[in-house]
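These notes concern the structure reproduced below.
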Amino acid sequence: MAEHVDANRLNNDLRYRFEYLSKFLNFTSDDIAMLNTFAPIVCPIIPVIADTIYRKLFSFDITKKYFVMRNEDFEGSLSKTNRDLTLESAQMELRKDMLSMYLKRVLTQRDWNDTFLQFLSHIGKIHTNLACSASINVDYIHINALLGYLEHLLIDVLCNADRVDEKSKRGMLMAINKLFWIQNDFFTMHYFISVNEKSKSVKTSPSTKKPKCCWI
């Protein structure tokens with residue numbers, strides 16, 4: 001008999017949603033262990049990966065434009081136009097640090113407890129308009145492309161890890177793939193909520209508070 005899944009709880013209970021995804025994707029503690037095993041392989045070159053990600057985002061004007069906005073966590077001198085903005089700009093160094101911290105946390109996290117799930121959820125939320133003054137409202141197409149490119153970079157690192165046996169590589173590869181599908185769902189969850197809220201929203205005065213620092 002088919003297992004019952006409560007649609008309302010999927011949209012209102014993050015733990016319940018994660019457990020459903022885990023069952024569907026066969027994401028288990030073994031996958032978490034594989035991510036933890038992969039961490040020491042990739043962590044030494046995470047700064048290079050972060051730099052590669054932002055070089056890619058800088059190669060398109062439609063994604064580069066988001067970085068001109070001032071973030072709440074950034075108080076330094078701000079480049080005001082795309083032309084002035086470089087990968088070495090102070091606000092970009094902050095972005096790269098945030099992405100590096102994210103990667104290190106998701107790969108080394110041993111207990112996917114409620115606090116960690118809220119962290120994954122918050123990463124998605126702050127890129128939409130749901131975080132109120134602390135959001136930047138990035139179009140989802142760019143998020144989807146970014147997650148895909150980031151996953152490919154990590155897989156490339158794994159494929160070139162000569163000291164890892166094939167069985168372990170397969171386990172790490174599947175774990176990385178499942179991680180990004182779960183994180184992607186936690187993005188789309190907020191984007192769908194954002195669309196629904198927008199359809200029934202009323203006009204409010206714009207906030208002057210700066211958005212929190214996120215990837216884009």
Taking R0 as 35 Å, what's the FRET efficiency between ASP111 and ALA90 from their Cβ-Cβ distance, rounded to 0.05? 0.50
Per principal axis, descending, Cα span of segment 22-195 in whole Å: 49, 36, 25
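Hey, any idea what % of segment 22-195's accessible area is carbon plus sulfur with a 1.4 Å probe?
Numbers: 4930 of 8760 Å².
So the carbon and sulfur contribution to the accessible surface is 56 percent.
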³J(HN,Hα) across segment 88-97 via Karplus (A = 6.51, B = -1.76, C = 1.60, θ = phi - 60°), whole Hz, x for Gly/Pro? 8, 4, 4, 5, 6, 4, 5, 4, 5, 5
Place a label point 7 angstrom from the Cα of SER168 along the Cα-to-Cβ direction, then list the residues of segment 136-152 whose backbone nitrogen is under 16 Å away. none
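If I take every Cα pair under 8 Å that is 6 or more residues apart in segment 22-195, average their sequence separation and divide by the length, what percent do I get for the relative contact order? Can you show the working numbers first?
Working: 141 pairs, mean separation 54.5, N = 174.
Dividing the mean separation by the residue count of segment 22-195 yields 31 percent.
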Which residues among segment 20-64 fall inside the zone where the amide N is under 14 Å from a point 7 Å beyond the Cα of ALA161, along Cα→Cβ? 31-46
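The values are calculated or read from the model by the stated rules, or taken from the named source; none is laboratory data. On a predicted model such as this, the values are computed, not experimentally measured, just so you know. Here the Cβ is made from the backbone with ideal geometry for all residues, glycine too, and neighbour counts use every protein chain on show. Just the protein is used for accessible areas: all its heavy atoms, side chains included, with ligands, DNA and RNA removed. Shrake-Rupley method; radii C 1.70, N 1.55, O 1.52, S 1.80 Å.
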